[in-house]
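Everything below concerns the one structure shown next.
The values are calculated or read from the model by the stated rules, or taken from the named source; none is laboratory data. The model shown is predicted, which means the values in this text are computed figures rather than measured ones. Virtual Cβ from ideal backbone geometry, glycine too; neighbours counted across all protein chains shown. What goes into the accessible areas is simple: the full protein's heavy atoms, side chains included, and nothing from ligands, DNA or RNA. Shrake-Rupley method; radii C 1.70, N 1.55, O 1.52, S 1.80 Å.
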Amino acid sequence: FLPPSVTESQALFAFEEITHGPLTWQFGGRVERTDIKAEGSGTKRTTEPSGSVGALWKLDPAHILALSIAHTGRSPNAQELFADGPHAGTQAYEQGDRNLDTERSLSLELSLRRREGFVTGAVTVFTNRFRGFIFQQPTGLLALENNGAWEFTDNTGAEEAGLPVYRTVQRNANFWGAEVETLWHLHEKRDWQLDLRLAADFTRAREGGRDLPRIPPARTTVGLLWATVNWSTGAEVQFGSSQNRVAANETRSDGYNLVSAHVSRAFTHGHVRAEIFVRGTNLLDEEIRPHASFVKELAPLAGRGVTAGVRLTF
């Protein structure tokens with residue numbers, strides 16, 4: 001799958017923050033050199049600078065407006081460069097590209113945060129433009145092993161015996177999306193509280209007018225949490241949308257409802273704090289196949305599960 005290789009990296013980075021009145025300026029910079037030595041392939045050396053600038057504007061005691069702009073560079077790793085064979089973890093035949101260049105991006109993020117009041121949380125929008133985005137593209141081919149050698153075919157009748165072939169490619173790409181996370185403080189006293197959590201996020205990613213592979217669908221989460229000094233219990237439902245924006249040779253994914261719950265009881269004895277907890281996951285026992293997973297067709301998320309335990313802090 002991968003020839004023996006050694007990766008060495010050295011980096012120098014700095015971060016500075018300056019506050020002036022309601023404005024806080026943030027500056028960051030990084031320079032990284034990476035050497036990848038692969039057996040039979042020589043050494044690939046890259047030096048990449050990255051930098052960012054951001055501002056936090058305190059509109060009032062409860063609200064903060066945050067803006068950041070960043071330019072980053074990432075060198076391809078050994079797997080992206082030299083892979084050529086079956087990968088046991090992804091159950092795929094992966095092909096690297098020794099001619100990959102550095103992946104560079106320019107990102108912009110804007111968020112409004114609220115830290116006081118009945119509703120707290122943040123609303124964030126972002127965009128990220130890549131020059132040379134590196135990703136694994138499904139080719140539609142199958143790799144079949146025959147007497148120790150690998151053959152490639154588009155014969156769909158051999159799916160059970162073959163591995164899907166993924167080729168590492170590099171394209172200019174655009175990402176954009178939004179995220180909302182809020183906490184509604186329904187009841188808050190010194191000895192107990194009741195909170196409602198509402199959250200949602202989505203991401204779109206395209207290259208050359210085509211959708212990129214393995215991009216998660218939009219999600220919405222609703223949760224309720226009740227807590228006292230010693231007790232805590234809550235339940236949460238995550239509604240995952242179906243993913244119909246798929247790349248070539250990629251299958252769509254169905255939506256799902258992921259229900260979880262927990263309850264815990266804490267005890268304190270001297271300097272020791274003990275917590276007994278029970279957690280339940282996928283309580284509806286739904287068949288959930290995450291779109292970002294290489295093995296979603298082979299291995300969905302686990303079905304209904306319950307975990308019980310004791311946690312000690314001393």
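Worth pointing out:
- Identity of the residue in region 81-115, out of contact with any Lys or Arg (no Cβ under 8 Å at 6 or more places or on another chain) and small (Gly, Ala, Ser), that ends up modelled with the highest pLDDT: 111
- Within region 96-109, if we keep just the residues that are outside any loop (DSSP other than H, G, I, E, B) and among the hydroxyl-bearing types (Ser, Thr, Tyr), the residue that is surrounded by the most Cβ atoms within 10 Å (Cβ to Cβ) turns out to be 105.
- Residue in region 279-302 that is farthest from the chain's Cα centre (by Cα), counting only those that are open to solvent by less than 60 Å² (accessible area, probe 1.4 Å) and farther than 16 Å from residue 240 by Cα: 280
- Region 249-263 - residue that is without any contact (Cβ under 8 Å) to a residue 60 or more places away in the chain and closer than 30 Å to residue 135 by Cα and, of those, surrounded by the most Cβ atoms within 10 Å (Cβ to Cβ): 253
- Output for region 20-37, where each listed residue is open to solvent by 60 Å² or more (accessible area, probe 1.4 Å) and touching an Asp or Glu at 6+ places or on another chain (Cβ under 6 Å): 27
- Residues of region 59-95 satisfying the condition of being touching a helix residue (DSSP H, G or I) at 6+ places or on another chain (Cβ under 9 Å) and open to solvent by 20 Å² or more (accessible area, probe 1.4 Å): 87
- Single unsatisfied condition, residue 117 versus (1) within 20 Å of the chain's Cα centre (by Cα); (2) of a type in the set (Gly, Ala, Ser); (3) within 25 Å of residue 228 (Cα to Cα): (1)
- Residue that is surrounded by fewer than 17 Cβ atoms within 10 Å (Cβ to Cβ) and within 23 Å of residue 291 (Cα to Cα), where the choices are 143, 161: 161
- Between 205, 266, 274, the distinction of being touching a strand residue (DSSP E or B) at 6+ places or on another chain (Cβ under 6 Å), over 30 Å from residue 185 (Cα atoms), open to solvent by less than 30 Å² (accessible area, probe 1.4 Å) and in a strand (DSSP E or B) belongs to 205 only.
- Region 275-292, residues that are free of Cβ contacts under 8 Å to residues at least 40 places away in the same chain and closer than 18 Å to residue 216 by Cβ: 282, 286, 287, 289
- Residue 40 being at pLDDT below 95, open to solvent by 30 Å² or more (accessible area, probe 1.4 Å), under 30 Å from residue 118 (Cα atoms) and not acidic (Asp, Glu): no
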